[in-house]
Every structure is written in C-alpha cells, then in structure tokens.
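Q: What follows is a single structure, and I will ask about it in a moment.
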Amino acid sequence: MIEDRVNEVLTRIGAVWPSKDTSDDTYAEWARFIRPFEVKTAQRAVDSLASTCKWRPSMAEFREAYNVALGNPSGQRMLGDGVQQTIDYSDSFGSAQDDWVYCFACWGAITLEERATTPHYTEGHGMRHANCPRRGTVPTAPSHIRLQYEEKKRAR
C-alpha cells in the first residue's frame, strides 16, 4: 500500500474511533503494520469493524477482520510484512467453520475439548467459555452470527 493510501485508511480509523492517543509513535506503528495490506480489503475490514467494535480495534482485531474481508477466515493468514501462514483450526474447533460454537460473552470460538468437558450453558444465551481467552487468541464469531444473536435477544 502506498503512503497516501496508508494515510487514508488510518484517517478513517481515526474518524470512526476517535482517540486521545494520537502520538507519532502510535501512528508510525499502525502505518508499518497496515502497509503490506491491500487498500480495498483494508477498507472493507474497517467497514466491518465499524459495525462491530465499540472501541478502536487492536492490530490483532484488524488483521482478523482483514483476513475475513479476504474471504478466507480459516486458511491463509496475512501476518504483516507480506508474510502468509496457513493456520488449520479444524483440530481445535471442528472441520466445518459453520459448525463452530461461539461464546456469547466474548464471541471467541469454543474448542471441541472444552465443549466436551467443561461447557457452561445459560438458557436463552447459549454456551460460554469457563474462562474467556484473551482477544486475538481464538477465532471470533463472524458478524452475521453476532447479528443473529442480537436479533434473538431483542425479540425476547
């Protein structure tokens, strides 16, 4: 991404999530981070995050939204500096992403092992982790699943 486009994406992030921390160091770090990404896909990631994040996203959340915008949430991952890595979640969460179960508290995917041994189920909400993992350490629920949950919650 050329410098003008980097500035364009970072300006949008700043407009959607205003922040007091607008130091040159923060800006430079974000610019270095998003420079390898494609402009249109980065803009789609910002659009997606704008509708789901109440606060400014972390770099990990941005990368995750970028990967989803690429249309490849469980295959090739962009790790920055143009490096890609294949991540296979099928052993931990199941072979078909459509069958994954998400925690209603943190929206992180619940592993097959946790579902089989220590599930926490709340009537009207669904399953949740015994201890929710840190953000960015497990895949998060796609926005359409979050919206379905919110619609069901409002209907009650």
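Quick note: the coordinates plus some simple rules give every number you see, no bench work behind them. All figures in this text were calculated on a predicted structure; none of them were measured in a lab. Glycine gets a Cβ as well: all are built from the backbone with ideal geometry, and neighbour counts include every protein chain shown.
Q: What percentage of all Cα-Cα pairs in segment 90-156 are separated by more than 15 Å?
A: Distances greater than 15 Å cover 51 percent of the Cα pairs.
Q: Related question: So which lysines pass the test for residue 40, namely a Cα distance under 18 Å, with those fewer than 8 places away in the same chain ruled out?
A: Candidates past the 8-residue exclusion: nothing left.
Q: Further, regarding this structure: Subtracting the Cα-Cα distance from 0.36 nm times the residue separation, let me have the gained length for residue 33 to residue 120 in nm, one decimal.
A: Working: separation 87, 0.36 × 87 = 31.32 nm, distance 3.69 nm.
Stretched out fully, the residue 33 to residue 120 stretch lengthens by 27.6 nm.
Q: With each label point set 7 Å from Cα along the Cα-Cβ vector, what nm distance links residue 53 and residue 148?
A: Each label point is offset 7 Å from its Cα along the Cβ direction, giving 2.5 nm.
Q: Working out 0.36 nm times the residue gap between residue 7 and residue 99, then minus their Cα-Cα distance, what length gain in nm do you get to one decimal?
A: Stretched fully, the residue 7-residue 99 segment lengthens by 29.3 nm.
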